[in-house]
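Peer 1: Attaching a single structure in structure tokens format; questions to follow.
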Amino acid sequence: MRARTLILGACVLLLLAVPLLATLLKQPYYIDLVRRVMIFAIAAASLNLILGYGGLVSFGHAAYLGVGGYSVGILAFYGIHNGWLQWTLAILGSALVALVIGAISVRTRGIYFIMITLAFTQMLYYLGISVEEYGGDDGMRLKVKSQFSGLVDLSDPIAFYYLVLALLLACIYLVHRLVNSRFGLVLRAAKSNEARTRAIGFSPYPYQLAAFVISGALCGLAGALLANHTAYIAPAFMDWTRSGEIMFMVILGGMGSLPGPALGAFALLIVEDLLAGWTEHWQVILGPLLVLSVLFFRRGLAGLLPGGDRHG
Amino acid sequence: MTWILLFEQLLNGLQLGVTLFLMAAGLTLVFGIMNLVNLAHGSLYMVGAYLTVAAVQWTGSYALGVLLGLLGTLVVGMVLEVVALRTLYERDHLDQVLATFGLILFFNELVAILWGRTALFMSLPSYLQGHIEILPGSIYPLYRAVIIGVGLVVAVVLWYVVAKTRLGMLVRAGASNRTMVAALGVNIRLLYTLVFGFGAALAGLAGLMAGPIYAVQPGMGELILIQVFVVIVIGGIGSIRGALVGALVVGVVDTLGRAFLKPLLGHFISAPAAEAAGPALASMLIYLLMALVLAVRPAGLFPAKGG
């Protein structure tokens, strides 16, 4: 357990040092890259709550990235640049969308759940494409980033970087508290044996739906961050391959492990970045790599860490 | 005049429906029998279209090209099953989804390397061009009518093979108890490979027939794949009958929605509002339909027996 804490602590220190190192080495690109990775790590951590601890295989998590992103974008489109307002809308809007999608899909199981969450996300994707007002297929630029009454300036890459890092750590802490609470206990119980959970007097549905909504809300926050990061919002936020990528981050990092999703996000996006720098056709290598990792690397990166945290 | 238009749009819906059915049949067979969720089914649709384009160019004959394209997709499917998918049968759905997702990336990029990213044009031979008169005063493209015919013939043949032949009996037996069938001396691995290859060939057939109507380009399979998911979720996963009904319903609803929703809305709300809401609602229609069906029947219209 000690070695594990040391390694993870070192990872956090390394993240803290990235802006300094990048500035010293005159490679500001890496601040950008790692910030993007951390935003996706938030999305992956939110998915981990329902996928890793709740056993709900949502193949539509990109929907909330889109809702979060468009919340920021649409308010900015009407001249409202207040970040508090924008991000609150992003979180509440995603929670509401997750409530509607969840209310229908959480009632179903297994393969139906996978396909329904995918189909709903696809529906939002087509909605984004067909609304010409907000740029349709091409999306729209975010001309002014979210304003936080002078508290944080998101145009400053380093300040933005530390904000994302703080939010990532807060998000992982929140998931940790959730899964170790009574609520999380019921969620995990329903994952391992639904019949027994019912037998001891818990109906899993409200717990799973609540987890689904919280997960969507957190991912909505990641969407608001992503919109500010790219200064751009497009239906591509909600592309179904995005959902697949987020899911891969969770699996690659290790399902149902707290640091897993972040590790997975780093591994996947850094490998993507390296391959893309090497050849235009990087996906032809990445695809089989992903297949191999599913077939032979089942415990994920977190499984390589010394000491287990099977319960988070 | 509007009745003729409605009739033509219904036929278009039917044509989309049979294309969806060819895809859904393979997907639902593979799921029902091998318990495998195969996202790469859309890739086989794409492979079918590309192989046929290449084979038609190479042989100079459309009929020969189609035959080679179908055979090629069959072989690609069987190789895929043996190399990658066979080990996934025992895994949970999550692993299957992820692994086949990886395969999609691979196939899309491979096709882009071999044929480029720009859409290819697939031309029809002269005997498939032109129009036929379906109703007095109403002409319809011959090729689309041929697609409808081929789709319906395949549906009947499929039903006959699965329900009435010895092969179909083995397939159904393998679906309900794999170990028992193997113990009775049937080579179940070979049987699965054949079923998968057959499903792949159906997807390839859908792809090569769609080629001259839609664009042949990398990623073409994913557009239809998600509609196919809607089809089999509506129809009931694992059921061929459900796949047929679901495909026709989705095909007709989608086509009619795109054609008539905007003018229909125009009667109720202002024209600019209908202009904006019509296309958005039309593209969401089949997903709303799916949500509605699931709210009433969570396992689809025709749930497969025993699972």
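The values are calculated or read from the model by the stated rules, or taken from the named source; none is laboratory data. Only a predicted model underlies this, so the values are computations on that prediction, with no experimental measurement involved. Neighbour counts run over all protein chains shown; Cβ positions are idealised from the backbone, glycine included.
Conditions (1) over 20 Å from the mean Cα position of the chain (by Cα); (2) of a type in the set (A, V, I, L, M, F, W, C); (3) surrounded by fewer than 21 Cβ atoms within 10 Å (Cβ to Cβ), marked per residue:
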residue: B:Val47; (1), (2), (3): no, yes, no
residue: B:Tyr50; (1), (2), (3): no, no, no
residue: B:Ala63; (1), (2), (3): yes, yes, yes
residue: B:Leu68; (1), (2), (3): no, yes, yes
residue: B:Leu71; (1), (2), (3): no, yes, yes
residue: B:Gly77; (1), (2), (3): no, no, no
residue: B:Leu80; (1), (2), (3): no, yes, no
residue: B:Leu85; (1), (2), (3): no, yes, no
residue: B:Leu88; (1), (2), (3): yes, yes, no
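Peer 1: Here are the criteria: (1) of a type outside the set (Ser, Thr, Tyr); (2) more than 25 Å from B:Gly69 (Cβ to Cβ); (3) assigned to a helix (DSSP H, G or I). Tell me which single one B:Gly42 does not satisfy.
Peer 2: If we test B:Gly42 against (1) of a type outside the set (Ser, Thr, Tyr); (2) more than 25 Å from B:Gly69 (Cβ to Cβ); (3) assigned to a helix (DSSP H, G or I), just (2) comes out false.
Peer 1: Six or more apart or on different chains, Cβ under 7 Å: which pairs go from a residue in region A:4-23 that's farther than 17 Å from A:Phe160 by Cβ to one that's modelled with pLDDT under 85 and surrounded by 14 or more Cβ atoms within 10 Å (Cβ to Cβ)? Could you list them?
Peer 2: If the second residue must be modelled with pLDDT under 85 and surrounded by 14 or more Cβ atoms within 10 Å (Cβ to Cβ), the pairs left are A:Arg4/A:Leu305; A:Ile7/A:Leu305.
Peer 1: In region A:200-220, is there at least one residue being among the hydrophobic types (A, V, I, L, M, F, W, C), within 14 Å of another protein chain (Cβ to nearest Cβ) and within 30 Å of A:Ser155 (Cα to Cα)? Break it down stepwise before answering.
Peer 2: First, pick out the residues of region A:200-220 that are among the hydrophobic types (A, V, I, L, M, F, W, C): A:200, A:202, A:209-214, A:217-219.
Next, only the ones that are within 14 Å of another protein chain (Cβ to nearest Cβ) stay: none.
Within region A:200-220, none of the residues are among the hydrophobic types (A, V, I, L, M, F, W, C), within 14 Å of another protein chain (Cβ to nearest Cβ) and within 30 Å of A:Ser155 (Cα to Cα).
Condition check ((1) at the interface with chain A (Cβ under 7 Å from one of its Cβ atoms); (2) outside any helix (DSSP H, G or I)) across all residues:
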position	(1), (2)
B:Arg91	no, yes
B:Gln96	no, no
B:Ala99	yes, no
B:Phe106	yes, no
B:Leu110	yes, no
B:Ile113	yes, no
B:Arg117	no, yes
B:Ser123	no, yes
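Peer 1: Here's a check for you: in region A:115-149, which residue that is polar (S, T, N, Q) and in contact (Cβ under 8 Å) with a residue 24 or more places away in the chain is farthest from the other protein chains (Cβ to nearest Cβ)?
Peer 2: Start the filter on region A:115-149 by keeping residues that are polar (S, T, N, Q), which leaves A:117, A:121-122, A:130, A:146-147, A:149.
After this cut, where a residue has to be in contact (Cβ under 8 Å) with a residue 24 or more places away in the chain as well, the list is A:117, A:121-122, A:146-147, A:149.
Values: A:Thr117: 11, A:Thr121: 9, A:Gln122: 5, A:Ser146: 27, A:Gln147: 30, A:Ser149: 35 Å.
Restricting to residues being polar (S, T, N, Q) and in contact (Cβ under 8 Å) with a residue 24 or more places away in the chain, the top hit is A:Ser149.
Peer 1: State all residues of region B:143-174 that are farther than 21 Å from B:Ala203 by Cα and surrounded by 16 or more Cβ atoms within 10 Å (Cβ to Cβ); if no residue qualifies, say none.
Peer 2: Within region B:143-174, B:Leu170, B:Ala173, B:Gly174 meet the criteria.
Peer 1: Six or more apart or on different chains, Cβ atoms under 8 Å: show the pairs whose first residue is in region B:253-276 and acidic (Asp, Glu) and whose second is assigned to a helix (DSSP H, G or I).
Peer 2: The qualifying pairs are B:Asp254/B:Gly13; B:Asp254/B:Leu16; B:Asp254/B:Gln227; B:Asp254/B:Ala282; B:Asp254/B:Leu285; B:Asp254/B:Ile286; B:Glu275/B:Lys262.
Let's see how each residue does on (1) free of Cβ contacts under 8 Å to residues at least 24 places away in the same chain; (2) closer than 29 Å to B:Ile147 by Cα:
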| residue | (1), (2) |
| --- | --- |
| B:Leu74 | no, yes |
| B:Leu85 | no, no |
| B:Leu94 | yes, no |
| B:Leu103 | no, yes |
| B:Trp115 | no, yes |
| B:Met122 | no, yes |
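Peer 1: At pLDDT 90 or above, in contact with a Lys or Arg (Cβ under 9 Å, 6 or more places away or on another chain) and not in a strand (DSSP E or B) - does that describe any residue in region A:170-179?
Peer 2: Yes, the conditions are met somewhere in region A:170-179.
Peer 1: Let me ask something additional. So if I check each of B:Ala183, B:Ala271, which one is more than 16 Å from the chain's Cα centre (by Cα), surrounded by fewer than 19 Cβ atoms within 10 Å (Cβ to Cβ) and modelled with pLDDT under 85? Give the steps one after another, and end with the answer.
Peer 2: Details: B:Ala183 fails: modelled with pLDDT under 85.
Criteria check complete, one pass: B:Ala271.
Peer 1: Scanning for something at pLDDT below 85 and under 25 Å from B:Ile113 (Cβ atoms), does region B:239-262 turn up at least one residue?
Peer 2: no
Peer 1: Restricting attention to region A:102-112, which residues are at the interface with another protein chain (Cβ under 9 Å from one of its Cβ atoms) and crowded, with 16+ Cβ neighbours inside 10 Å? I'd like the intermediate steps shown before the answer.
Peer 2: The first filter runs over region A:102-112 and keeps only residues at the interface with another protein chain (Cβ under 9 Å from one of its Cβ atoms), leaving A:104-105, A:107-112.
Correct list: A:Ile104, A:Ser105, A:Arg107, A:Thr108, A:Ile111, A:Tyr112.
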